[in-house]
1. Answer with yes or no whether Arg10 is open to solvent by 10 Å² or more (accessible area, probe 1.4 Å), modelled with pLDDT under 90 and part of a helix (DSSP H, G or I).
2. Among the residues of region 87-102, how many are open to solvent by 40 Å² or more (accessible area, probe 1.4 Å) and either closer than 16 Å to Gln143 by Cβ or of a type in the set (D, E, K, R) (or both)?
3. Considering each of Pro328, Pro352 in turn, give the residue that is under 27 Å from Glu106 (Cα atoms), out of contact with any Ser or Thr (no Cβ under 8 Å at 6 or more places or on another chain), modelled with pLDDT under 95 and surrounded by 14 or more Cβ atoms within 10 Å (Cβ to Cβ).
4. Identify, from the list Phe310, Phe390, the residue that is out of contact with any His (no Cβ under 9 Å at 6 or more places or on another chain) and modelled with pLDDT of 95 or more.
5. Applying the selection to region 13-30, what residues are touching a residue at least 24 places away in the same chain (Cβ under 8 Å) and surrounded by fewer than 12 Cβ atoms within 10 Å (Cβ to Cβ)?
6. From (1) over 28 Å from Gln376 (Cα atoms); (2) open to solvent by less than 50 Å² (accessible area, probe 1.4 Å); (3) touching a residue at least 24 places away in the same chain (Cβ under 8 Å), pick out the condition that doesn't hold for Glu265.
7. Scan region 245-262 for residues that are assigned to a helix (DSSP H, G or I) and open to solvent by 30 Å² or more (accessible area, probe 1.4 Å) and report the count.
8. Filtering region 1-28 down to residues that are of a type outside the set (Ser, Thr, Tyr) and in contact with an Asp or Glu (Cβ under 7 Å, 6 or more places away or on another chain), which residue is nearest to Ile62 (Cα to Cα)?
Amino acid sequence: MDLFNREQLRQLAQQQNDVCISIYMPTLKHESGWAQNPTRLKNLVRDARDQLRDAGRSEDEIEDLLASVKRRFDDTAFWRSVSDGLAAFITPESTEFYRLPLAFDEVAIVGTRFHLKPLFPIIATNNRFYLLTLSQNDVRLFQGTHHGVSEVSSDTIPADIVEAIEQYEDPEKSLQYHTSSSQNGTGGTNLTYHGQGGDADDGSRAPAEELKRFFHKVDDGVMDRLAEENAPLLLAGVAEYLPLYTEVNRYPHLIEDDIVRGNPEPHNETQLHEKAWDIVEPVFMQEQDDALEQFDQLFYQDGGLASDAFHEIIPACAFSRVDTLFVPIGTYRWGNFDPQSNTVQLREERRPGDEDLLDYAAVHAYLNGATVYALQPENMPGGRAIAATFRYEADVQATEAG
């Protein structure tokens, strides 16, 4: 799986081109469904081709634009590594693919900016988390959503605990250890140590200290991957490892209560997701409920710190005024916003050159440091089409373009 976070979103959001093609689709991870994945991509490429033709692009230009995507049709290695969803972003200069743990709705959108709102269930406050598994033989980092978890590839996180301990050993002391097969009653495994140097006063390092040295390196790798993140991190692992890793952890959003315990090796991704989601869902729901309650309080106080007015929220997102934004998933508001003149133009149906202004609001609010909740329409506060709380009062509503 490919890691997606604030920096990837920023890079995509900053791109503007004559042609930006955004493609989203669900993908099947099991071999029995692999044949459906390229078929879905072919259908979406056909849809993008039709939009490019409608925009007046020549056949040669269209062929050049879509060539890099079409090469994936028969790339069996690519389809073996998919997660639950695929996102593709194409310009005349580059093509980027993200295989992510979210089953996207199928859509292809051609514009002058990338359409990024379908990604918000991955980066929004109320859905995304990370899971670090610490088994006796392996260390793995996963990114998860309500839909599932997928492993994040990383060259900076050391994986083999046994090999690392052997590298740290003092050859003169020959400190060795093995893991017994007996269970400790908590789902973990009892560690048994053999060899000389077990006492602290003989100058050797205790086994726990060797593990802590290894976990320091793991923590370095985690911080390298998650440095700018604010999503919760859970641990799943052998019971003896968990307090040692927690002691060296520097990631500020580690969930220490109700840690998933036990050797994670026998569990597949579905089982890991179920255990992790049982822990993080109540955390997410409490934060979301608190945010919704705060919106209601501020909105009905009528103090200018909350709004459901489209023409007020769009410029507020652009100008860093929004503190918390609520946007609905799977809906669109087509039109344009001009920050120079502070004007909004809304349309009932999309026309060439239009963009989804809900997408515009979510991206700009998030990049300007706001908390963004991507909700199903029925879960929006009071069923509203958009809602926000503000950092400060202001009377800066956009006018409707003529």
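1. On the way: open to solvent by 10 Å² or more (accessible area, probe 1.4 Å): yes; modelled with pLDDT under 90: yes; part of a helix (DSSP H, G or I): yes.
The answer is yes for Arg10.
2. Taking region 87-102 as the starting set, the residues that turn out to be open to solvent by 40 Å² or more (accessible area, probe 1.4 Å) are 92-96, 99.
Filter once more, so that each one left must be either closer than 16 Å to Gln143 by Cβ or of a type in the set (D, E, K, R) (or both): 93, 96, 99.
Total meeting the criteria: 3.
3. On the way: Pro352 fails: surrounded by 14 or more Cβ atoms within 10 Å (Cβ to Cβ).
Result: Pro328 is the single residue among Pro328, Pro352 that is under 27 Å from Glu106 (Cα atoms), out of contact with any Ser or Thr (no Cβ under 8 Å at 6 or more places or on another chain), modelled with pLDDT under 95 and surrounded by 14 or more Cβ atoms within 10 Å (Cβ to Cβ).
4. Values: Phe310 fails: modelled with pLDDT of 95 or more.
Step by step, each of Phe310, Phe390 is checked, and only Phe390 is out of contact with any His (no Cβ under 9 Å at 6 or more places or on another chain) and modelled with pLDDT of 95 or more.
5. Hits for region 13-30 are Gln16, Asp18.
6. (2)
7. First pass over region 245-262, keeping only residues assigned to a helix (DSSP H, G or I): 245-248.
Filter once more, so that each one left must be open to solvent by 30 Å² or more (accessible area, probe 1.4 Å): 246-247.
The qualifying residues number 2.
8. If we filter region 1-28 for residues that are of a type outside the set (Ser, Thr, Tyr), which is where we start, we get 1-21, 23, 25-26, 28.
Filter again for in contact with an Asp or Glu (Cβ under 7 Å, 6 or more places away or on another chain), leaving 1, 5-7, 25-26.
Numbers: Met1: 29, Asn5: 30, Arg6: 31, Glu7: 29, Met25: 21, Pro26: 24 Å.
So, considering only residues that are of a type outside the set (Ser, Thr, Tyr) and in contact with an Asp or Glu (Cβ under 7 Å, 6 or more places away or on another chain), the one nearest to Ile62 (Cα to Cα) is Met25.
The values are calculated or read from the model by the stated rules, or taken from the named source; none is laboratory data. Here the structure is a predicted model, which means the values were calculated and not measured. Ideal geometry is used to build each Cβ from the backbone, glycine not excepted, and the neighbour counts take in all protein chains shown. Note: accessible area is taken over every heavy atom of the protein model, side chains too, but ligands, DNA and RNA are not part of it. Shrake-Rupley method; radii C 1.70, N 1.55, O 1.52, S 1.80 Å.
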